Amino acid sequence: MTPFTINNLPVEAEPGETVLQVARRYGIEIPTLCYHEAVTAYASCRLCIVAATEGGRTRIVTSCTYPAREGLEVHTDTEAVRALRRVLLELLLAEAPASEQLREYAAGLGVTTTRFPSEDPENKCILCGLCERVCSEHAHVGSISFAHRGPRRKMTTPFDEPPDQCKGCTACAYVCPTGAIDVRIGAGGMELEPWCARVEMVACAECGMRFAPAPEMEELAEKGKVEPAVMALCPICRRKAHARVLLTGKA
Ligand code: SF4
Ligand code: FES
């Protein structure tokens, strides 16, 4: 265990833990946008900055990537840290002015306006890279990645084409901190925007409702992770079938 302090509180880090991981374990709040415990940290939003003092020298570091070290003194909420976070939030608001989720998050941290101009009033993406990491590290698909540099940088699919490999797991939409990814389910199946992904859905054998992405279900079935009954019926009809068996003894 590695002893150090956060906001003057003595804490201990497990081997390999970052300052953010230790802070969360001790219930100390540090705002984050591009961090998710399930994927590799990428440190793009910089919102998790803290003041870290070591050997008499204080630096502003990103806590999601900064390793906990013995004797480190961390302060998560100094005036300097708060002022920098406010500027970072203003920059993010200017980058993704169409994101209501981001506006709400920033307002929660006391930032409701931005002094910076916006390039694209429709944009919701802050280029945090979470969707890419979840797609490659968890779904093992790699349907999305960064393209271009500088002001043209964007998150997109290979050649800006609909991605063939997308399984419709929707993990990218789940982790996106700004609500930039839309999942729509209609008669034609599932659509994920802005990836232009179209995924077939499994229809319930009883009521016909489309309830799960077909490629994902097929993969789970191949791996023996879902029963054929789960593949055939939507959750509502499955529950009804279960209740029928309980009450009548008949399937
Ligand atoms: S779409 Fe969402 S998750 Fe992906 S880079 Fe943009 S903000 Fe991050
Ligand atoms: S959460 Fe650490 S840089 Fe984004």
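The values are calculated or read from the model by the stated rules, or taken from the named source; none is laboratory data. These numbers were taken from a predicted model, which means no experiment stands behind them. Positions of Cβ are generated from backbone atoms using ideal geometry, with glycine treated the same way; all protein chains shown enter the neighbour counts. Ligands, DNA and RNA are stripped out before the accessible areas are found, and what is left, the full protein with its side chains, is counted by its heavy atoms. Shrake-Rupley method; radii C 1.70, N 1.55, O 1.52, S 1.80 Å.
Computed values, structure above
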read-out: Unmet criterion (only one of (1) modelled with pLDDT under 95; (2) in contact with a strand residue (DSSP E or B) (Cβ under 7 Å, 6 or more places away or on another chain)) for GLY56; value: (2)
read-out: Candidate set from the range 166-197 (those that are surrounded by fewer than 15 Cβ atoms within 10 Å (Cβ to Cβ) and modelled with pLDDT under 90); member that is farthest from ligand 2 (Cβ to nearest atom); value: ALA187
read-out: Residue match in the range 35-54 (condition: under 26 Å from ALA171 (Cβ atoms), outside the structural domain of GLU137 (by TED's automatic domain parsing), within 16 Å of ligand 1 (Cβ to nearest atom) and among the β-branched types (Val, Ile, Thr)); value: yes
read-out: Residue tally, condition free of Cβ contacts under 8 Å to residues at least 60 places away in the same chain and under 18 Å from THR65 (Cα atoms), over the range 2-15; value: 5
read-out: Residues satisfying the stated conditions in the range 52-63, i.e. under 25 Å from the mean Cα position of the chain (by Cα) and either in contact (Cβ under 8 Å) with a residue 60 or more places away in the chain or open to solvent by 10 Å² or more (accessible area, probe 1.4 Å) (or both); value: ILE60, VAL61, THR62
read-out: Residue satisfying condition, being without any contact (Cβ under 8 Å) to a residue 12 or more places away in the chain and touching an Asp or Glu at 6+ places or on another chain (Cβ under 6 Å), within set ARG184, ARG149, ARG238, ARG244; value: ARG184
read-out: Of the criteria (1) of a type in the set (D, E, K, R); (2) modelled with pLDDT of 90 or more; (3) open to solvent by 30 Å² or more (accessible area, probe 1.4 Å), which one ARG133 fails; value: (3)
read-out: Residues satisfying the stated conditions in the range 47-66, i.e. in a strand (DSSP E or B), of a type outside the set (Val, Ile, Thr) and within 17 Å of ARG82 (Cβ to Cβ); value: ALA51, ALA52, ARG59
read-out: Selection count where residues are surrounded by 14 or more Cβ atoms within 10 Å (Cβ to Cβ) and farther than 30 Å from ARG103 by Cβ, scope the range 70-88; value: 2
read-out: Residue match in the range 114-130 (condition: in contact (Cβ under 8 Å) with a residue 40 or more places away in the chain, within 12 Å of ligand 1 (Cβ to nearest atom) and open to solvent by 50 Å² or more (accessible area, probe 1.4 Å)); value: yes
read-out: Residues (part of a loop (DSSP other than H, G, I, E, B), within 25 Å of CYS131 (Cα to Cα), open to solvent by 30 Å² or more (accessible area, probe 1.4 Å) and out of contact with any helix residue (DSSP H, G or I) (no Cβ under 9 Å at 6 or more places or on another chain)) located in the range 1-43; value: GLY16
